[in-house]
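> Can you read through this structure? Questions will come right after.
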Amino acid sequence: MAKEAKIIIEGKEYTYPVIEGTEGEKAIDIRTFRKDSGYITYDEGYGNTGSCQSEISFINGEEGILRHRGYAIEDLAENSDFIEVAYLVIYGELPTVSERETFSQKIRNNAMIHMSMNHLFEGVPNDAPPMAILSSMLNSLGCYYKEYATNNPQHDLEHFDDAVAITMSKVRTIAAMTYRMSNGLPFIYPKMGLRYVENFLHMMFSNPYNEYSHEPEVAKALNVLLLLHADHEQNCSTSTVRMVASSGANLFPSVASAVCALWGPLHGGANMAVIQMLESIAASGDDGSQFIEDAKSGRHGKRLMGFGHRVYRNYDPRAKILGKYCDKLLEAIGIDDQLLTIARNLEQAALKDDYFVERKLYPNVDFYSGIIMRAIGIPLSMFTVMFAIGRMPGWIANWREVASNDKGRIYRPRQIYQGPTAPRKFLQMADRPEK
Ligand code: ACO
């Protein structure tokens, strides 16, 4: 028998169907609830609200599971790379040889930015926040590629492959240019023959007189770091993409808005906070044990950054993978990072400590990502930009789901109004008493 849910209000009973996801998640379909009863549901922060049905990613926070299009994140990290995972997330299937080649070639062909975008960089102060630059530049793509940015979803979907290549490729170029600009360095053009991650490293760290070279473990670690961020269900920035896209907006402003949502410390900014915490522990001469005590008591507002997650009540599977690549990378490039030692001490101490065990607080993806970026030479100010490059496939895939849904409605939550009641008498300014 099909499951259903009953809601009784003021003696009247309303019946609603239950929707079941392919992995067994259950939801009560209350789409007609307000029309039926005059009530709405209240769920600040949307912790219990399914805002969409999606085929992209699956998370089981209790068991620490993350899958993209049905593939386990562990399998993808071991056997794939960022561009292949991006294709999977965006198009739903792993690419064949020729699909991969076409996809990569399109991305390579779009690696340059329009010459006149250089003027936009010239107009920005050198110390501007990289995330502000990134969101502005991504939004400005709509000025240069108007044919893919018509705000007619059907038309924009016909040019989807082009818009994908532009966005995926230029986010990397814009990020590298932002870094160069903030350091007063000349821009380095992309090189046709290089793969995605290698080209990014080239644009970041080469000089006109000195080509950047690196151990293979550097590219592998960065590939893994990016692919681990590729998508993560309906998080704050991805929900923002869907919100903007639901109005019919094209891909460029939708992903630019997502960058703004990612900027905050409770979302993409946490990776910086982990390094700042480790640096402050190192500077104080603590091996981590005093900090653990402070984080448990909440002294000085301290929390163990990189620990805990709204959805995972188990080890974040991405943290497990990154921890391994962190060790491999540091060993390959011969870096003995004191911060990694402190991080390992914190991890071991917290995993044995009743406070963290009882609250199911485990390391999250940010716990090791900062150490990897630091080892590669990416400065703290660019950490959240790196997260944005990694999350781009997920944002694009979610934009596409919304744009393709011709029965979709504009996202428009309700609210419970708690402001002043009754029409208030309007007073002319001269009659308003000073406070
Ligand atoms: N250190 C110490 N105590 C913690 C931590 C932590 N990192 N995280 C949660 N707790 C405690 C809380 O104080 C609370 O204790 P109480 O029950 O005694 O009051 C309990 O654990 C539950 O915590 P909540 O705040 O309810 O957990 P919530 O799900 O709201 O928060 C969050 C999740 C924001 C990630 C939180 O764990 C945190 O602040 N972690 C540190 C910041 C961080 O690493 N953020 C990155 C998240 S991953 C990402 O965005 C990619």
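> Which FRET efficiency value, to the nearest 0.05, is calculated for residue 407 and residue 358 with the Förster distance at 45 angstrom and r the Cβ-Cβ distance? Intermediate results must be reported in sequence, preceding the final value.
Values: r = 45 Å, r/R0 = 1.00.
The formula returns an efficiency of 0.50 here.
> Could you tell me whether region 1-156 comes out rounded, prolate or oblate from its Cα gyration tensor? Rule is a ≥ b ≥ c as square roots of the eigenvalues, rounded for a/c under 1.5, then prolate if a/b exceeds b/c, otherwise oblate. Walk me through the numbers on the way to the answer.
Details: a/c = 2.50, a/b = 1.65, b/c = 1.52.
Prolate, since a/c reaches 1.5 and a/b exceeds b/c.
> Where does the charge balance sit around residue 433 when Lys and Arg score +1, Asp and Glu -1, over other residues with C-beta under 15 Å from its C-beta? Present the calculation step by step, with values, prior to reporting the outcome.
On the way: positive: 424, 425, 432, 435; negative: 431, 434.
The answer is +2.
> Full extension from residue 48 to residue 136: what is 0.36 nm times the residue separation minus their Cα-Cα distance, to one decimal in nm? Don't jump to the answer; show the numbers that get you there.
Values: separation 88, 0.36 × 88 = 31.68 nm, distance 3.26 nm.
Extra length from residue 48 to residue 136 when fully extended: 28.4 nm.
> Still on this structure, please answer the following. Dividing the convex hull volume of the Cα atoms of the chain by its residue count, what figure in Å³ per residue is obtained?
Numbers: hull volume 99.1 nm³, N = 435.
Measuring per residue, one finds 228 Å³ for the Cα hull of the chain.
> Assuming R0 = 41 Å, can you tell me the calculated FRET efficiency for the pair residue 434 and residue 150, based on Cβ-Cβ distance, to the nearest 0.05? If you can, show how the numbers build up before the last one.
Numbers: r = 52 Å, r/R0 = 1.26.
Once the sixth-power term is evaluated, E becomes 0.20.
> Next up: In which sequence would 49, 421, 167 go, from the one with the fewest C-beta neighbours within 10 Å to the one with the most? Walk me through the numbers on the way to the answer.
Working: 49 14, 421 7, 167 25.
In increasing order of surrounding Cβ atoms, one gets 421, 49, 167.
> I would also like to ask the following. Using the Cβ atoms and a cut-off under 13 Å, what net charge is assigned to the surroundings of residue 291, where Lys and Arg are +1 and Asp and Glu are -1? It would help to have the intermediate numbers written out before the result.
On the way: positive: 296, 299, 302, 303; negative: 279, 286, 287, 293, 294, 347, 353.
Local charge sum for residue 291: -3.
> Given the options 246, 140, 169, which has the most mean-square fluctuation in a GNM of the chain, springs set between C-alpha atoms less than 10 angstrom apart?
140
> Would region 270-376 count as rounded, prolate or oblate if I go by the C-alpha gyration tensor, calling it rounded below 1.5 in a/c and otherwise prolate when a/b exceeds b/c, oblate otherwise?
Here region 270-376 falls in the oblate category.
> If R₀ is 25 angstrom, what is the calculated FRET efficiency for the pair residue 211 and residue 183, using the beta carbon separation as r and rounding to 0.05?
Values: r = 18 Å, r/R0 = 0.71.
About 0.90, to the nearest 0.05.
> In whole Hz and in residue order, list the ³J(HN,Hα) couplings for region 385-398 that follow from phi through the Karplus curve 6.51 cos²θ - 1.76 cosθ + 1.60, θ = phi - 60°; x for Gly and Pro.
5, 4, 4, 5, 4, x, 7, 3, x, x, 4, 5, 4, 6
> Label region 157-288 by shape, choosing from rounded, prolate and oblate, from the square roots a ≥ b ≥ c of the eigenvalues of the Cα gyration tensor; if a/c is under 1.5 it is rounded, and otherwise prolate applies when a/b is larger than b/c, oblate when it is not. Each step should come with its number before you reach the end.
Details: a/c = 2.02, a/b = 1.13, b/c = 1.78.
Oblate.
> Each label point is 7 Å from the Cα along the Cα-to-Cβ direction; what then is the distance between the points at residue 26 and residue 287, in nm?
5.0
Computed from the coordinates by the stated procedures, all read-outs in this text should not be read as laboratory data. No experiment lies behind these values; they were computed from the predicted model shown. Here the Cβ is made from the backbone with ideal geometry for all residues, glycine too, and neighbour counts use every protein chain on show.
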